[in-house]
Amino acid sequence: MFKRFIKKIYRCAKPIVVNGTDNKVSVGCKYSGFRLTILGNHNKVSVDKNCILNDTIINILGDDAIIEIDKNARLLGPCKITIVNGGKLYIGQNAGVRGVEFELGDGADISVGEYCMFSYNINLRNFDSHKIYQQGSDIVTNPAQNITIGKHVWICKNVSFLKGSSVDDNSVVGYGSLVTKKFPSNCVIAGVPAQIVKREINWGY
C-alpha cells in the first residue's frame with residue numbers, strides 16, 4: 001500500500017504526463033517550472049533543444065493537437081498553453097515570450113513569427129469555448145478562427161487577440177490593446193478595439 005502511495009505521488013509530480021495513444025513528445029531543452037499534460041490521442045509536442053522553457057504549463061485535452069516551438073525561442077513565464085479538441089500552435093525562432101496565455105480550440109491555429117517580443121499579461125484566444133447555433137438549425141455561427149502574428153512584432157503589456165485577428169511583420173501593438181481584425185506590416189496599432197495609429201515604422205531591441 002505504501003508503495004502504491006509513493007507511486008501516485010511520483011506520477012503527480014512528473015513534469016510530463018501523457019495519457020492516450022499515438023502521442024509524440026520531444027522536449028529537447030532544459031526547463032524549470034515546466035509541466036505538460038496530455039489527455040487524448042494523436043497529439044504532437046516538439047520543442048527544439050536550444051529553447052528555454054521556464055514557468056510554463058501546457059495542457060492538451062482531446063485529439064490531433066500540435067505544438068511546435070522552434071529553435072532559440074524563449075518562454076520565460078509565466079506562460080500557459082491550452083489546446084482543446086485540436087489546433088496547432090507554432091512559435092518561431094528567437095521569439096521572446098513572457099507572461100502569455102495561448103488558448104486554442106476546435107482545430108484553429110495560432111502562429112507566432114520569428115523574433116517576436118511579448119510583454120506580460122497577454123492573451124491569444126482563437127475560439128469561444130461554447131458554440132452558438134443559428135436558430136432552428138445546427139449551423140454554428142461562431143466558428144474558431146486562426147490568429148497569426150508575423151515576424152518581428154512587438155506586443156506590449158495587457159494585450160488581447162481575438163479569433164481571426166492578425167498583425168503582419170515589423171509592427172507594434174500598444175499597451176492594453178484589443179486586437180479583433182487583420183493589420184498590415186510596419187504599423188503601430190493601439191486601442192479598444194485596436195486601430196492603426198502610425199504607419200511606415202520599424203522597431204529595434
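The values are calculated or read from the model by the stated rules, or taken from the named source; none is laboratory data. Please read all numbers here as calculations on a predicted model, not as lab measurements. With ideal geometry, Cβ positions are generated from the backbone for all residues, glycine too; neighbour counts draw on all protein chains shown.
Identify, from the list VAL140, VAL97, VAL159, VAL167, the residue that is modelled with pLDDT under 95 and aliphatic (A, V, I, L, M). Before you say what the answer is, go through the steps one by one.
Details: VAL97 fails: modelled with pLDDT under 95; VAL159 fails: modelled with pLDDT under 95; VAL167 fails: modelled with pLDDT under 95.
Every option except VAL140 fails the conditions.
If you filter region 73-86 down to residues that are under 22 Å from ALA144 (Cα atoms) and either β-branched (Val, Ile, Thr) or more than 10 Å from the chain's Cα centre (by Cα) (or both), you find that the one that is surrounded by the most Cβ atoms within 10 Å (Cβ to Cβ) is ILE83. Residues that are over 17 Å from ILE38 (Cα atoms) and without any contact (Cβ under 8 Å) to a residue 24 or more places away in the chain within region 55-89 comprise LYS71, ARG74, PRO78, listed in sequence order. Taking the criterion of being within 18 Å of GLU101 (Cβ to Cβ) and buried (at least 21 other Cβ atoms within 10 Å of the Cβ), the residues of region 48-65 that qualify are LEU53, THR56, ILE58, ILE60, ALA65. In this entry, LYS157 passes the filter for residues that are in a loop (DSSP other than H, G, I, E, B), among the charged types (D, E, K, R) and closer than 15 Å to MET117 by Cβ. Going by what's in this entry, would ILE52 be described as in contact with a strand residue (DSSP E or B) (Cβ under 8 Å, 6 or more places away or on another chain), farther than 20 Å from ILE147 by Cα and of a type in the set (Val, Ile, Thr)? Taking the combined requirement at face value, the residue satisfies it. When region 75-119 is filtered for residues that are more than 16 Å from VAL179 (Cα to Cα) and among the hydroxyl-bearing types (Ser, Thr, Tyr), the ones remaining, listed by number, are THR82, TYR90, TYR115. For region 140-167, a residue qualifies if it is more than 30 Å from TYR205 (Cα to Cα) and buried (at least 19 other Cβ atoms within 10 Å of the Cβ), and exactly one does: ALA144.
Of SER129, SER137, which residue is touching an Asp or Glu at 6+ places or on another chain (Cβ under 9 Å), of a type in the set (Gly, Ala, Ser) and either surrounded by fewer than 17 Cβ atoms within 10 Å (Cβ to Cβ) or not in a strand (DSSP E or B) (or both)? Checking each option against the conditions leaves just SER129. Considering region 1-21, and only residues there that are modelled with pLDDT of 90 or more and surrounded by 11 or more Cβ atoms within 10 Å (Cβ to Cβ), the residue that is nearest to GLY62 (Cα to Cα) turns out to be GLY20.
For region 117-160, the tally of residues that are of a type in the set (Ser, Thr, Tyr) and in contact with a Ser or Thr (Cβ under 8 Å, 6 or more places away or on another chain) stands at 3.
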